[in-house]
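Asks: Handing you a structure now.
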Amino acid sequence: MKFFIDTANLEEINKARLLGILDGVTTNPSLIARESIFNQKEIDNHYISICNLLKNEEDVSAEVISNNYTEMIREGEKLSLLHPKIVVKIPMTENGIKAIKYFYKKKIKTNCTLVFTPGQAILAAKVGAYYVSPFIGRIDDISYNGLNIIKEIKNIYDNYHFKTKILAASIRNPLHIIECSKIGIFAITSPINVIKTLLYHPLTNIGLDKFIKDYNKKF
Ligand code: G3P
(Lines give C-alpha, C1' and ligand atoms only; values in the text may rest on other atoms or scores of the structure.)
Protein backbone atom coordinates (compact mmCIF):
# COMPACT_ATOMS: atom_id res chain seq x y z
CA MET A 1 0.00 0.00 0.00
CA LYS A 2 1.30 3.45 -0.89
CA PHE A 3 1.62 6.11 1.82
CA PHE A 4 0.84 9.64 0.72
CA ILE A 5 1.09 12.54 3.11
CA ASP A 6 -1.82 14.97 3.33
CA THR A 7 -0.13 18.32 3.88
CA ALA A 8 1.27 21.37 2.11
CA ASN A 9 3.95 21.81 4.77
CA LEU A 10 7.49 21.34 3.44
CA GLU A 11 8.91 20.35 6.84
CA GLU A 12 6.29 17.64 7.32
CA ILE A 13 6.89 16.31 3.82
CA ASN A 14 10.59 16.15 4.53
CA LYS A 15 9.98 14.35 7.85
CA ALA A 16 7.94 11.72 6.00
CA ARG A 17 10.70 11.34 3.38
CA LEU A 18 13.33 10.93 6.10
CA LEU A 19 11.20 8.26 7.78
CA GLY A 20 11.44 6.42 4.46
CA ILE A 21 7.73 5.82 4.00
CA LEU A 22 6.71 8.55 1.57
CA ASP A 23 5.14 7.70 -1.78
CA GLY A 24 3.46 11.00 -2.65
CA VAL A 25 1.73 14.16 -1.43
CA THR A 26 -1.85 15.42 -1.48
CA THR A 27 -2.84 18.98 -0.73
CA ASN A 28 -6.15 20.83 -0.61
CA PRO A 29 -7.05 24.54 -0.45
CA SER A 30 -7.42 24.44 3.37
CA LEU A 31 -3.94 22.93 3.74
CA ILE A 32 -2.45 25.49 1.32
CA ALA A 33 -4.12 28.31 3.33
CA ARG A 34 -2.23 27.16 6.48
CA GLU A 35 1.16 27.92 4.91
CA SER A 36 2.99 31.29 4.94
CA ILE A 37 2.22 32.09 1.31
CA PHE A 38 0.13 35.04 0.29
CA ASN A 39 -0.56 35.22 -3.45
CA GLN A 40 -0.98 33.07 -6.55
CA LYS A 41 2.68 33.36 -7.56
CA GLU A 42 3.75 32.12 -4.12
CA ILE A 43 1.21 29.29 -4.24
CA ASP A 44 2.57 28.17 -7.64
CA ASN A 45 6.15 28.33 -6.35
CA HIS A 46 5.10 26.40 -3.25
CA TYR A 47 3.73 23.57 -5.40
CA ILE A 48 7.01 23.54 -7.35
CA SER A 49 8.98 23.37 -4.06
CA ILE A 50 6.85 20.42 -2.89
CA CYS A 51 7.44 18.61 -6.21
CA ASN A 52 11.18 19.31 -6.03
CA LEU A 53 11.34 17.74 -2.55
CA LEU A 54 10.18 14.44 -4.02
CA LYS A 55 12.70 12.17 -5.69
CA ASN A 56 11.48 8.65 -6.47
CA GLU A 57 8.09 9.36 -4.90
CA GLU A 58 5.07 9.45 -7.18
CA ASP A 59 3.17 12.72 -7.38
CA VAL A 60 1.62 15.80 -5.78
CA SER A 61 -2.11 16.52 -5.96
CA ALA A 62 -2.86 20.24 -6.40
CA GLU A 63 -6.51 21.30 -6.27
CA VAL A 64 -8.43 23.73 -8.48
CA ILE A 65 -10.38 26.40 -6.61
CA SER A 66 -13.18 27.02 -9.11
CA ASN A 67 -16.34 25.01 -9.71
CA ASN A 68 -16.90 26.63 -13.10
CA TYR A 69 -16.00 24.30 -16.01
CA THR A 70 -13.99 26.81 -18.06
CA GLU A 71 -12.13 28.03 -14.98
CA MET A 72 -11.42 24.46 -13.83
CA ILE A 73 -9.84 23.70 -17.21
CA ARG A 74 -7.80 26.90 -17.12
CA GLU A 75 -6.62 26.32 -13.54
CA GLY A 76 -5.96 22.61 -14.09
CA GLU A 77 -3.93 23.18 -17.25
CA LYS A 78 -1.88 25.84 -15.47
CA LEU A 79 -1.27 23.56 -12.47
CA SER A 80 -0.25 20.64 -14.69
CA LEU A 81 2.37 22.80 -16.40
CA LEU A 82 4.02 23.75 -13.09
CA HIS A 83 5.79 20.39 -12.74
CA PRO A 84 5.53 16.88 -14.25
CA LYS A 85 4.69 15.47 -10.79
CA ILE A 86 1.47 17.52 -10.46
CA VAL A 87 -1.85 15.67 -10.48
CA VAL A 88 -4.85 18.00 -10.87
CA LYS A 89 -7.32 17.59 -8.01
CA ILE A 90 -10.91 18.19 -9.10
CA PRO A 91 -14.02 18.18 -6.89
CA MET A 92 -16.82 15.65 -7.46
CA THR A 93 -19.36 17.96 -9.09
CA GLU A 94 -21.08 17.94 -12.48
CA ASN A 95 -18.51 20.37 -13.88
CA GLY A 96 -15.77 18.43 -12.10
CA ILE A 97 -16.77 15.22 -13.90
CA LYS A 98 -16.73 17.02 -17.27
CA ALA A 99 -13.32 18.49 -16.44
CA ILE A 100 -11.91 15.07 -15.45
CA LYS A 101 -13.05 13.68 -18.82
CA TYR A 102 -11.39 16.64 -20.59
CA PHE A 103 -8.11 16.06 -18.74
CA TYR A 104 -8.30 12.30 -19.34
CA LYS A 105 -8.43 12.92 -23.09
CA LYS A 106 -5.45 15.27 -22.76
CA LYS A 107 -3.54 12.60 -20.75
CA ILE A 108 -3.38 14.89 -17.69
CA LYS A 109 -3.72 12.91 -14.44
CA THR A 110 -6.56 13.87 -12.09
CA ASN A 111 -7.54 13.13 -8.50
CA CYS A 112 -11.31 13.27 -8.01
CA THR A 113 -11.81 14.64 -4.49
CA LEU A 114 -14.67 15.10 -2.00
CA VAL A 115 -16.03 11.64 -2.73
CA PHE A 116 -18.42 10.21 -0.13
CA THR A 117 -20.46 7.52 -1.93
CA PRO A 118 -19.87 4.52 -4.21
CA GLY A 119 -22.05 6.25 -6.83
CA GLN A 120 -19.71 9.22 -6.95
CA ALA A 121 -16.74 6.84 -7.21
CA ILE A 122 -18.36 5.07 -10.19
CA LEU A 123 -18.73 8.39 -12.02
CA ALA A 124 -15.11 9.34 -11.29
CA ALA A 125 -13.92 6.01 -12.74
CA LYS A 126 -16.21 6.27 -15.78
CA VAL A 127 -14.61 9.55 -16.85
CA GLY A 128 -11.07 8.32 -16.28
CA ALA A 129 -9.95 9.88 -12.98
CA TYR A 130 -6.43 8.64 -12.18
CA TYR A 131 -7.21 8.69 -8.43
CA VAL A 132 -10.46 8.79 -6.50
CA SER A 133 -10.32 10.23 -2.98
CA PRO A 134 -13.09 8.96 -0.67
CA PHE A 135 -13.05 10.85 2.68
CA ILE A 136 -13.22 8.17 5.41
CA GLY A 137 -13.03 10.42 8.49
CA ARG A 138 -15.64 12.89 7.30
CA ILE A 139 -18.05 10.01 6.59
CA ASP A 140 -17.44 8.68 10.13
CA ASP A 141 -18.05 12.24 11.43
CA ILE A 142 -21.70 12.03 10.31
CA SER A 143 -22.23 8.59 11.87
CA TYR A 144 -21.77 6.49 8.73
CA ASN A 145 -18.96 3.97 8.30
CA GLY A 146 -16.24 5.39 6.05
CA LEU A 147 -14.41 2.06 5.77
CA ASN A 148 -17.57 0.33 4.52
CA ILE A 149 -17.76 2.90 1.72
CA ILE A 150 -14.13 2.14 0.83
CA LYS A 151 -14.92 -1.60 0.73
CA GLU A 152 -17.90 -1.02 -1.56
CA ILE A 153 -15.86 1.17 -3.92
CA LYS A 154 -13.07 -1.43 -4.06
CA ASN A 155 -15.60 -4.14 -4.81
CA ILE A 156 -17.24 -2.14 -7.61
CA TYR A 157 -13.88 -1.20 -9.16
CA ASP A 158 -12.78 -4.85 -9.08
CA ASN A 159 -16.04 -5.98 -10.71
CA TYR A 160 -15.41 -3.79 -13.75
CA HIS A 161 -11.59 -3.64 -13.73
CA PHE A 162 -11.77 0.15 -13.47
CA LYS A 163 -8.24 1.57 -13.64
CA THR A 164 -8.90 4.49 -11.24
CA LYS A 165 -6.77 4.07 -8.10
CA ILE A 166 -8.35 4.44 -4.66
CA LEU A 167 -6.50 7.02 -2.56
CA ALA A 168 -8.28 6.92 0.81
CA ALA A 169 -8.33 10.40 2.34
CA SER A 170 -9.47 12.02 5.59
CA ILE A 171 -7.50 9.43 7.56
CA ARG A 172 -7.81 10.14 11.29
CA ASN A 173 -6.46 7.09 13.14
CA PRO A 174 -4.21 4.02 12.72
CA LEU A 175 -7.17 1.66 12.27
CA HIS A 176 -8.20 3.58 9.15
CA ILE A 177 -4.77 2.78 7.67
CA ILE A 178 -4.70 -0.88 8.79
CA GLU A 179 -8.24 -1.58 7.60
CA CYS A 180 -7.52 0.08 4.23
CA SER A 181 -4.56 -2.27 3.80
CA LYS A 182 -6.79 -5.28 4.58
CA ILE A 183 -9.27 -4.10 1.96
CA GLY A 184 -6.36 -3.89 -0.47
CA ILE A 185 -6.70 -0.29 -1.57
CA PHE A 186 -3.94 1.36 -3.59
CA ALA A 187 -3.00 4.17 -1.16
CA ILE A 188 -3.89 6.21 1.87
CA THR A 189 -3.17 9.89 2.33
CA SER A 190 -2.72 10.91 5.94
CA PRO A 191 -1.13 13.49 8.24
CA ILE A 192 2.33 12.35 9.43
CA ASN A 193 1.20 12.20 13.09
CA VAL A 194 -1.41 9.54 12.23
CA ILE A 195 1.15 7.53 10.24
CA LYS A 196 3.49 7.70 13.25
CA THR A 197 0.84 6.17 15.54
CA LEU A 198 1.53 2.91 13.66
CA LEU A 199 4.96 2.86 15.33
CA TYR A 200 3.94 2.58 18.94
CA HIS A 201 3.17 -0.32 21.23
CA PRO A 202 3.85 -0.28 25.02
CA LEU A 203 5.31 -3.82 24.89
CA THR A 204 7.88 -2.60 22.35
CA ASN A 205 9.03 0.11 24.81
CA ILE A 206 8.99 -2.25 27.83
CA GLY A 207 10.86 -4.92 25.83
CA LEU A 208 13.48 -2.46 24.61
CA ASP A 209 14.06 -1.10 28.16
CA LYS A 210 14.58 -4.65 29.45
CA PHE A 211 16.98 -5.62 26.65
CA ILE A 212 19.14 -2.54 27.31
CA LYS A 213 19.04 -2.97 31.13
CA ASP A 214 19.98 -6.70 30.93
CA TYR A 215 22.85 -5.93 28.54
CA ASN A 216 24.18 -3.05 30.65
CA LYS A 217 23.98 -5.11 33.89
CA LYS A 218 26.29 -7.73 32.45
CA PHE A 219 28.62 -5.61 30.32
O1 G3P B 1 -7.18 16.18 1.62
C2 G3P B 1 -8.46 15.75 1.86
C3 G3P B 1 -8.68 15.05 3.18
O4 G3P B 1 -7.63 14.16 3.46
C5 G3P B 1 -9.03 15.94 4.31
O6 G3P B 1 -8.98 15.32 5.58
O7 G3P B 1 -9.10 15.37 8.05
O8 G3P B 1 -9.72 17.42 6.72
O9 G3P B 1 -11.20 15.42 6.74
P10 G3P B 1 -9.78 15.91 6.83
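Asks: Mind checking which of 87, 169, 219 is farthest towards the positive end of the chain's charge dipole, using Cβ charges of +1 (Lys, Arg) and -1 (Asp, Glu) about the Cα centre?
Replies: After comparing all options, I get 219.
Asks: Further question on the same structure: Once amide H atoms are placed 1.01 Å from N in the peptide plane, what residues at a sequence separation of 5 or more from residue 190, or on another chain, have their amide H within under 5 Å of its amide H?
Replies: Sorted by chain and number, the residues that satisfy this are 4, 5, 6.
Asks: To continue, here is another question. If you take the C-alpha gyration tensor of the range 1-83, multiply each eigenvalue by 5 and take the square root, what semi-axes do you get, largest first, in whole Å? Walk me through the intermediate numbers first.
Replies: Numbers: eigenvalues 104, 38, 25 Å².
Here the semi-axes work out to 23, 14, 11 Å.
Asks: HN-Hα J couplings of the range 42-56 from phi, Karplus 6.51/-1.76/1.60, θ = phi - 60°, integer Hz, Gly and Pro as x?
Replies: 5, 4, 4, 5, 5, 4, 5, 4, 4, 4, 5, 5, 7, 10, 7
Asks: Output the direction-averaged projected area (hull surface divided by four) of the convex hull of the alpha-carbon atoms of the range 1-40, in nm².
Replies: Orientation-averaged projected area of the Cα hull: 3.0 nm².
Asks: Now for a different question. Ignoring any ligand, DNA or RNA, what whole percent of the accessible area of the chain comes from carbon and sulfur when the probe is 1.4 angstrom?
Replies: Ligands and nucleic acids excluded, carbon and sulfur reach 55 percent.
Asks: Heavy-atom accessible area per residue, the chain, 1.4 Å probe: how many Å²?
Replies: Computed with neighbouring chains in place, this is 55 Å² per residue.
Asks: Based on the Cα atoms of the chain, what semi-axes does the equivalent ellipsoid have, where each is the square root of 5 times one gyration tensor eigenvalue, given in whole Å with the largest first?
Replies: 34, 22, 14
Asks: Between the helical axis of 10-19 and the dominant principal axis of the chain, each derived from Cα atoms, what acute angle in degrees is found, rounded to the nearest 10?
Replies: So the inclination is approximately 50 degrees.
Asks: In whole angstrom, how far apart do the alpha carbon centroids of the range 127-165 and the range 1-39 sit?
Replies: So the separation of the two Cα centres works out to 22 Å.
Asks: Can you list residues whose amide H is under 5 Å from residue 90's amide H, if they're 5+ apart or on another chain and H is modeled 1.01 Å from N?
Replies: Excluding prolines and chain starts, which carry no amide H, the hits are 111, 112, 113.
Asks: Cα gyration tensor of the range 47-161, axes a ≥ b ≥ c as square roots of the eigenvalues: rounded (a/c below 1.5), prolate (a/b > b/c) or oblate?
Replies: In terms of gyration-tensor shape, prolate.
Asks: What would the Debye equation give as log₁₀ I(q)/I(0) for the range 97-167 at q = 0.13, 0.14, 0.28 Å⁻¹, counting only Cα atoms as equal point scatterers?
Replies: -0.34, -0.39, -1.22
Asks: Turning to a different aspect of this structure: Using Stokes-Einstein with the Kirkwood hydrodynamic radius over Cα pairs, what translational diffusion coefficient do you get for the range 108-212 at 4 °C and a viscosity of 1.567 mPa s, in µm²/s rounded to a whole number?
Replies: Calculated translational D: 88 µm²/s.
Asks: How large is ³J(HN,Hα), in whole Hz, for each residue of the range 182-195 in order, when computed from phi with the Karplus curve 6.51 cos²θ - 1.76 cosθ + 1.60 and θ = phi - 60°, using x for Gly and Pro?
Replies: After applying 6.51 cos²θ - 1.76 cosθ + 1.60, I find 5, 6, x, 6, 5, 7, 10, 10, 8, x, 4, 5, 6, 4 Hz.
The values are calculated or read from the model by the stated rules, or taken from the named source; none is laboratory data. Everything numeric here is computed off the predicted structure, so don't read it as measured data. We place every Cβ from the backbone using ideal geometry, glycine too, and count neighbours over all the protein chains shown. To get the accessible areas, we keep the full protein, side chains included, count just its heavy atoms, and leave off ligands, DNA and RNA. Shrake-Rupley method; radii C 1.70, N 1.55, O 1.52, S 1.80 Å.
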